[in-house]
Amino acid sequence: MAANNRRMSGKKGAQVGSGGQRRRGLEGKGPTPPAEMRKGHAKQRAAQAKVRRAQGGRPQPRRGGGRSTSELVVGRNPVVEALRGGVPASTLYVQQFIDNDERVREALQLAAERGGINLMEAPRPELDRMTNGLNHQGLVLQVPPYEYAHPEDLVANAHDEGQDPLIVALDGVTDPRNLGAVVRSVSAFGGHGVVVPERRAAGMTAGAWKTSAGAAARTPVARATNLTRALEAYKKAGIAVVGLAADGEAEVGDLDALGGPVVIVVGSEGKGLSRLVGETCDVRVRIPMPGGAESLNAGVAAGIVLYEAARRRS
């Protein structure tokens, strides 16, 4: 009975202590380090870029954007136009016993002058198989996969040049020609690159390369798995995110943020910015159009805002 009373008494026996962990937890982690010493902070990246400039080095790109698949340009006129436009190419396939007209001769001459393009002669059935039966007219140009940058590479490149980042992000733009036009405008006005989503968006195809008029060779295009998260990461790095919208609360000419580190987000011509991307933007701005046009395509809209940003930075 006495033993039973002891079990019901409610008294606790010996227990293992915390070993002082609770006391140490209350002591804190000390004073907050300066911004230049905090990992991932914009000021830390700027300081690192300054050191690299002093040492004469350049940052290694993350190459986290991945690669596209190879592409085939099919037909005599498209092949000649691609070669004229400086579209990257690895191999020019020419059909055996082809009628040697002016376009075929020009394609062969352009490929030879550029150098680095393999010339391959192939029978018609082989070209039919390669192109899934398309009307190739005896000429097929293979475009190698595009090597996308990582969105953070664009910021690192800007800091390495001692400049505030000026980036354009495209939301729902599916026409490669619009992408090429934006790349051309970014290059013309001193921007540091373009960001596109990985899915449901235009990529760096031969059409985008041709429209960029050579600017794609010197202006990086980054691909984001999730555009909203990429924009949030830019905001955490101290970069303003400005969205273009017909019902924006401010006009482009009144926006002081364009003079500093900024990402300009351009939506599709029909739908504009998606809901999540629009909510992520710090501010949405509109382009005044006295002529009454309802909207501008992505290339024109980006060019107008980039001009205003370049004017404020000069």
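The values are calculated or read from the model by the stated rules, or taken from the named source; none is laboratory data. As the structure is a prediction and not an experimental result, all values here were calculated from the model. Quick reminder, even Gly has a Cβ in these numbers, built from the backbone with ideal geometry, and neighbours come from all protein chains shown. SASA here: full protein model, heavy atoms, side chains in, ligands and nucleic acids out. Shrake-Rupley method; radii C 1.70, N 1.55, O 1.52, S 1.80 Å.
Details
- Ala230 open to solvent by 10 Å² or more (accessible area, probe 1.4 Å), in contact with a strand residue (DSSP E or B) (Cβ under 7 Å, 6 or more places away or on another chain), over 15 Å from Val305 (Cα atoms) and touching a residue at least 60 places away in the same chain (Cβ under 8 Å): yes
- Within the range 270-314, considering residues that are free of Cβ contacts under 8 Å to residues at least 60 places away in the same chain, open to solvent by less than 50 Å² (accessible area, probe 1.4 Å) and of a type in the set (Val, Ile, Thr), the one nearest to Gly248 (Cα to Cα): Val285
- Any hit, the range 127-141, residues being polar (S, T, N, Q), part of a loop (DSSP other than H, G, I, E, B) and either in contact with a Phe, Trp or Tyr (Cβ under 9 Å, 6 or more places away or on another chain) or without any contact (Cβ under 8 Å) to a residue 24 or more places away in the chain (or both): yes
- Identity of the residue in the range 113-126, under 32 Å from the mean Cα position of the chain (by Cα) and either in a helix (DSSP H, G or I) or among the polar types (S, T, N, Q) (or both), that ends up surrounded by the most Cβ atoms within 10 Å (Cβ to Cβ): Arg114
- Scanning the range 80-94 for residues that are touching a helix residue (DSSP H, G or I) at 6+ places or on another chain (Cβ under 9 Å), among the aromatic types (Phe, Trp, Tyr) and open to solvent by 60 Å² or more (accessible area, probe 1.4 Å) turns up nothing.
- Test: Val252 is modelled with pLDDT of 95 or more and either of a type in the set (A, V, I, L, M, F, W, C) or under 30 Å from Leu83 (Cβ atoms) (or both): no
- Qualifying residue in the range 211-225 (condition: farther than 18 Å from Gly86 by Cα, in a loop (DSSP other than H, G, I, E, B) and of a type outside the set (Lys, Arg)): yes
- Some residue of the range 283-295 being outside any strand (DSSP E or B), within 21 Å of the chain's Cα centre (by Cα) and closer than 16 Å to Val168 by Cα: no
- Qualifying residue in the range 245-258 (condition: open to solvent by less than 10 Å² (accessible area, probe 1.4 Å) and either under 24 Å from Tyr148 (Cβ atoms) or touching a Ser or Thr at 6+ places or on another chain (Cβ under 6 Å) (or both)): no
- Number of residues in the range 133-171 that are among the small types (Gly, Ala, Ser) and more than 30 Å from Arg311 (Cβ to Cβ): the value is 2.
- Selection of the range 161-181 for residues being open to solvent by 10 Å² or more (accessible area, probe 1.4 Å) and either assigned to a helix (DSSP H, G or I) or among the hydroxyl-bearing types (Ser, Thr, Tyr) (or both) yields Thr174, Pro176, Arg177, Asn178, Ala181.
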